[in-house]
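This report refers to the structure that appears directly beneath it.
A short reminder: the numbers here are calculations on the coordinates, not readings from a lab. Small disclaimer: the values here were computed from a predicted structure and weren't measured. Neighbour counts run over all protein chains shown; Cβ positions are idealised from the backbone, glycine included.
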Amino acid sequence: MRQAVALAIALSLPTAYAQAPQEYAVKAGFLYNFPKFVEWPAGALPGANFALCVVGADPFEGALDKLNGKLVGGRPLVVQRYSAADALGRCQILFVSDSERRRMGQILAAIGNSPVLLVGEMENFTRLGGMIQFVTTDKGIQFEVNIETARQHGLKFSARLLQLASTVIGGK
Amino acid sequence: MDTLNRREPFVSDYREQFMQFRDFRQLLGWLALGACSVCSAQTPSAGASAGVEPTELGLEALLGLEVTSVGKKPQRLADTAAAVFVITQDDIRRSGASSIPEVLRMAPGIEVARMNNSTWNISARGFNTRWSTKLLVLMDGRTIYSPVSSGVNWQEQDTMLPDIERIEVIRGPGATLYGANAVNGVINIITKSARSTEGGLAYVAAGNQENLAGVRYGGKLGDDVYYRAYVKHDARGAFRDATGAAAQDDWGRSRAGFRTDGKLANGDGFTLQGDLFQSRLGETYDMPILTPPFLLTLNDRAQSSGGNLLGRWQRTFSSTSEASLQLYYDQSVTSDIAADVGYKTVDADFQHRFAANDRHDIVWGGGYRRTRDDVTGGLTLAVLPQQGSYSIYNFFVQDEIALIPERLRLTLGSKFEHASLSGTDIQPSARLQWTPHAGHSLWGSVAKAVRTPSRLDLEARYNSAAFPGRLPTQISVFGTPAAGSEELVAQEIGYRFQPTQSFSLDATAFYNRYLKLRSTETGAPFVEAQPAPVHLVLPQYFDRKLGGHTAGVEIAAEWHTTAWWRWHAAYTYLRADDLHAIDGGSGVPYKFGYGGSSPSNQFYLRSSFDIGERTELDVWVKTVGQLTAIEIPAYISFNLRLGWKARKNLELSLVGQNLLEQRHAEFVTDDGTPRATQIPRSLFAQALLRF
C-alpha cells in the first residue's frame with residue numbers, strides 16, 4: 001500500500017520535461033533564426049509584420065505559435081496558416097508541409113518570383129523548388145540549401161549559413 | 001476444452017493471471033520510486049538545452065541538439081485508404097524488443113506466436129502456422145520470405161534495431177502495389193537512410209536469456225554520399241518445455257551489413273545496401289520412422305547462412321513525377337535434419353508515379369523475379385524434382401482520382417501477374433476515402449488478392465506420422481498441381497479520428513471471403529517398397545477445395561495525456577470459424593483449422609513515462625486469447641523497460657519480459673517443425689553508446 005502511495009506521489013510531481021527537446025520545437029527555433037542569415041531584396045518587406053506561414057498539415061504542435069510577436073529585423077513575427085490555393089506571395093517565410101508534396105507546382109506558381117524563403121522537410125525538397133530542407137539525423141537536425149532557387153527569388157544566403165549547411169546545391 | 005467456458009474464454013482465464021499481477025504491482029512501485037530518486041538527484045548538465053526553449057538558441061546551438069521525435073506524421077497516414085499502423089523508431093526503442101518479431105507484437109491485426117527460441121509464427125487476420133503464407137514481409141523493398149515454402153524464416157531476418165526508421169504494418173490485401181502473398185497483410189520494414197546515421201553506435205546487452213552486442217559506424221564518402229556499416233551478434237540460451245526440463249533450442253547468429261545513400265550531380269538518388277548472416281540453432285525433432293518405436297527424437301544443430309545485395313535508383317522529374325528502379329540478389333542456405341534448402345533469387349522492379357492532371361495521380365510499374373532452389377530431402381521431406389527454377393512477371397497500375405479535391409478520393413488499380421508455377425492472376429482493387437473535415441477520415445475498399453503456390457505446395461512429399469499395423473503405416477502429405485493459387489476477396493471499412501495533436505484513433509473492420517483455400521483431400525492408400533521396410537501409405541493430397549470467410553475489427557489509439565506521459569493501445573478481434581468444403585472436397589483445411597490457431601481477441605496497452613530529463617519508463621501489457629484448435633490457453637504478458645541516460649551519449653536500460661509467469665506457451669509443435677517450447681520470464685540490461 002505504501003508503495004502505491006509513493007508511486008502516486010512520484011507520478012503527480014510536475015517535475016518532468018520530455019527527454020530532449022521535441023523535433024518541431026527545434027525546427028521552430030531554426031525558422032526563427034534563418035532570417036538572420038538571409039538577405040531580402042530592398043523593398044521586399046512592405047508590411048509592418050514579418051509573416052511566417054505554414055502551408056498544409058501543420059506538424060509543429062503549437063511550437064510555432066510561441067514565435068508570435070518576436071522581433072525579426074525590427075518587425076514582429078506573425079504566424080499564419082494557408083492552403084495551397086491561397087495567395088502565398090505575401091509571406092516572408094513559407095514552411096511547406098510534407099502533405100503538400102504533390103501540390104508543389106501549385107505553390108511555386110502562387111509565389112511566382114516573390115522573395116519568399118521556402119523551407120520544408122519532404123524528400124528532395126531542395127530539388128523540387130525548395131530553398132532550405134531539414135534533414136533529421138541521429139545527431140540532430142541539419143539542413144540543406146539550394147542557392148540557385150534562392151537567387152531566382154531575389155534572396156541571398158550569408159556565407160555563415162552556407163558553412164553551417166550540411167549540403168549546398170547550386171552556386172559555385 | 002470446457003464448452004461452457006467457450007463463450008467467454010477471454011475473461012475467465014485471466015482471473016488467475018491477475019492474482020499473480022498483484023505481486024508485480026509492488027515491483028512496479030519500487031521501480032518508479034527508484035527512477036524518481038534518480039531524477040531528483042540530477043542537475044541539468046552545463047549547457048543542456050532541455051530546460052531552455054529552442055527558440056532562445058542560436059543556429060549553431062540548434063545544430064548540435066539531439067531531438068526526440070514521437071509523432072507518426074499523421075498528415076501522411078491520413079492520406080491512406082487502408083488499415084495502416086506505423087511503428088516508429090521511438091516505439092521500437094522504448095518497447096525493449098531485441099528482435100523484429102517481438103516489435104510486431106504491438107501492431108493490431110497481427111498475431112505473433114513464438115513457437116520456440118528461434119521460431120516465430122507471425123500472421124495477419126488468421127491462418128497462423130509455422131509457414132504463414134498470406135503475409136508479405138519486405139525489408140527495404142526486398143521480399144523476405146522463403147520462395148520454397150512461402151513463409152518467413154524470422155530467425156534469418158534481422159538488422160540493427162536502432163537503425164530502423166519505421167515499420168509499416170498494413171493489414172488487408174496490398175495486392176495492387178506489392179503483389180502476390182500480400183493476401184492478409186504487408187509488413188514493410190524501412191531502415192534509416194545513411195545520411196541520418198552518421199557517427200558510431202555500439203551496444204552490449206546481457207541477461208538471463210539473451211546476450212547481444214552490435215556496433216555500427218557511419219560517415220560521409222563524398223559531397224552528397226553517405227554510408228554506414230554494422231556488425232552484430234546475438235546468443236540466446238535454451239528455453240524449457242512444459243515440464244520444466246531444459247530444451248535444446250539455444251541459438252546464436254551473426255550479421256554484418258552496409259548501406260550507402262547518395263545523390264548524383266543531376267539530382268538522381270541512389271542506394272546500395274547488403275547484408276551477410278550466419279546462424280546456428282539447436283532443435284529437437286520428433287520424426288516418424290517405419291520401424292518400432294515409429295518415432296525418433298533427434299537433437300539437431302541447424303545452420304543457415306546467406307546474404308543479399310540491393311541497389312535502388314530514383315529520379316525526381318518534378319514534384320508530380322518520380323521514378324525508381326530496384327534490383328536485388330538474395331540467397332540463403334539452411335541445413336538441418338529435415339532438409340537442406342537453398343535458394344537464389346534475382347529481382348528487378350520499376351515504378352513511376354506521376355500526376356496526369358489536377359485530379360489523377362497515377363502509379364504504374366512492373367517487375368521480374370527469378371528463383372533457383374535446391375531442396376535436398378532429409379528424413380521426412382522430399383521435393384521432386386530436387387531443383388527448381390521459376391519466375392514471376394508482374395505489371396501494375398493504379399489511379400488515385402480526386403473526385404472532390406481534398407474531400408473525396410477514389411483509387412482504382414490492378415496487378416497482373418504471371419507466375420511460371422501457377423499461371424496468370426489478376427488482382428484488382430478499389431478504394432474510396434472521404435475526409436469531411438480535417439480530423440475525420442472514412443474509407444472503404446474492395447480488393448482481390450492471390451497467394452501463388454510454392455514448390456512445397458506443388459511438388460513436395462512430407463511424411464507426417466507413422467504407426468504399426470499389418471504393414472508399417474505412414475501418413476504422407478503430397479503437393480499436387482491442383483494446389484494452385486489461393487484466392488481472397490476482401491472488403492474493409494475504416495475510420496480515422498484525430499481531433500487534436502494529442503489523440504488519435506484508427507479503427508478498421510474487415511470481411512474476407514476466401515474463394516479457394518488449400519485443403520487436404522484423402523487419397524487411396526497404396527503400398528510402397530522404398531525405403532524399406534515395405535509399408536502402407538495413407539496419402540493426403542493438397543488441393544483447393546476449401547472456402548469460407550473471416551471477419552474482424554482492429555482498433556489502435558494513441559493518447560498524449562501530458563507532455564511526459566503517453567498511452568498506446570491496440571485491440572484485435574478475429575472471427576475465423578467459418579470454413580467449408582467446396583467443389584466436393586472433404587472440408588479439411590491444412591493446418592489446425594485455420595481459425596483455431598489464431599486468437600479471437602488480443603489487446604495491447606503501453607504506458608510511456610518520461611521521468612525527469614534522463615529517465616524513461618515503459619510498461620506494457622499484452623493479452624492474447626486462447627488458440628482453441630491447438631489447446632494453447634490465453635495468456636497475459638507483462639513487460640517493462642527502464643531507460644536512463646547516464647551521460648549525454650550513454651544510455652543504460654533494463655528490460656523485463658513476460659514477468660508474470662515463469663514460462664508460458666504460445667504455440668504447439670507444427671507439422672515437420674522442431675519441437676515447440678515455452679517462453680520464459682526474461683530480464684536483460686543494455687548499455688548503448690553513441691560516438
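Take each residue of peptide A:137-148, count the partner chain Cβ atoms within 10 Å of its Cβ, and average: the result is 5.
How much of the DSSP bridge set in the protein assembly as shown is antiparallel, in percent, rounded to the nearest 5? Here the antiparallel bridges make up roughly 90 percent for the protein assembly as shown.
Applying a 10 Å radius around every beta-carbon, put B:239-252, B:504-517 in order of their mean neighbour count, most first.
Details: B:239-252: 16.1, B:504-517: 20.0.
Result, highest mean Cβ count within 10 Å first: B:504-517, B:239-252.
Comparing A:Lys139, A:Lys70, A:Lys36 in a Gaussian network model of chain A, where Cα atoms under 10 Å apart are tied by springs, the biggest mean-square fluctuation is seen for A:Lys139. When only the Cβ of Lys, Arg, Asp and Glu is charged (+1, +1, -1, -1), the dipole of the range B:134-214 relative to its Cα centre reaches about 300 debye. Distances between every pair of Cα atoms in the range B:110-225, grouped in 5 Å steps from 0 to the bin holding the largest one, split as 2, 10, 17, 19, 17, 13, 11, 8, 2, 0 percent.
Look at B:Ile582, B:Ile392 and count the other Cβ atoms within 10 Å of each Cβ; fewest to most, that gives B:Ile582, B:Ile392.
Counting only Cβ charges, +1 for Lys and Arg and -1 for Asp and Glu, the dipole size of the range B:569-664 around its Cα centre is about 460 debye.
Cross-link partners for A:Lys66 among the lysines, with Cα-Cα distance under 30 Å and sequence neighbours closer than 8 places in the same chain left out: A:Lys27, A:Lys36, A:Lys139, A:Lys156, B:Lys72, B:Lys73, B:Lys645, B:Lys648.
How high is the FRET efficiency from B:Leu295 to B:Arg575, r the C-beta distance, R0 45 Å, rounded to 0.05? Approximately 0.80, to the nearest 0.05.
For B:Lys263, a cut-off of 16 angstrom between C-alpha atoms picks up these lysines, skipping any fewer than 8 places away in its own chain: B:Lys192, B:Lys220.
Each part gets one Cα centre, and for the range B:227-241 versus the range B:190-221 those centres are 13 Å apart. Each residue of the range A:68-74 was assigned a 3J(HN,Hα) from its phi angle through the Karplus expression (A = 6.51, B = -1.76, C = 1.60, θ = phi - 60°), giving 4, x, 5, 8, 10, x, x Hz with x at Gly and Pro.
Taking Cβ atoms as reference points and 11 Å as the exclusive limit, the residues near B:Ser146 contribute a net charge of -2, counting Lys and Arg as +1 and Asp and Glu as -1. Note on the range B:286-403: Cα-only Rg and Dmax are 22.6, 74 Å.
Bridging of B:Lys545 to lysines at a Cα separation below 26 Å is possible for B:Lys134, B:Lys415, B:Lys448, B:Lys516, B:Lys591, once same-chain residues fewer than 8 apart are set aside. Expressed in units of 2.2 N^0.38 Å, where N is the residue count, the Cα radius of gyration of the protein assembly as shown is 0.99. Counted by Cβ distance under 12 Å from B:Trp313, the other residues give a net charge of -1, where Lys and Arg count +1 and Asp and Glu count -1. The mean number of partner chain beta-carbon atoms within 10 angstrom of a residue's beta-carbon across peptide B:404-411 is 1.
Taking only DSSP H segments of four or more residues, each worth -39500 (n - 2.57), what value at 222 nm results for chain B once the sum is divided by all its residues, to the nearest 500 deg cm²/dmol? It would help to have the intermediate numbers written out before the result.
Values: 8 runs with 60 residues, N = 691.
Counting only the DSSP helices, I get -2500 deg cm²/dmol.
Using Cβ point charges alone (K and R +1, D and E -1), the dipole size of the range A:19-169 about the Cα centre works out to roughly 400 debye.
Summarising the label geometry, the points placed 7 Å from Cα in the beta-carbon direction at B:Tyr329 and B:Trp434 lie 5.3 nm from one another.
When both bridge partners sit in chain B, DSSP labels roughly 95% of those beta bridges antiparallel.
The Kirkwood hydrodynamic radius of chain B, based on inverse pair distances between different Cα atoms, is 26.7 Å. For peptide B:224-232, the mean count of partner chain Cβ atoms within 10 Å of a residue's Cβ comes to 1. All other residues whose Cβ lies under 14 angstrom from that of B:Lys648 are scored, Lys and Arg at +1 and Asp and Glu at -1, for a net of +1. Applied to the range A:31-38, the Karplus parametrisation 6.51 cos²θ - 1.76 cosθ + 1.60 on θ = phi - 60° returns per-residue 3J(HN,Hα) values of 4, 5, 7, 3, x, 5, 10, 10 Hz, with x for Gly and Pro. The ranking of B:Trp565, B:Trp154 by Cβ neighbour count inside 10 Å, starting from the fewest, reads B:Trp565, B:Trp154. For B:Glu666, nonlocal amide neighbours, meaning residues 5 or more places apart or on other chains whose placed amide H falls under 5 Å from its own, are B:Ile679. For the range A:30-172, the antiparallel share of DSSP beta bridges with both residues in that region comes to about 35%.
Computed over the range A:19-169, the quotient of the alpha carbon radius of gyration and 2.2 N^0.38 Å is 0.96.
Rounded to the nearest 0.05, the FRET efficiency derived from the C-beta distance between A:Ser83 and B:Leu410 at R0 = 22 Å is 0.55.
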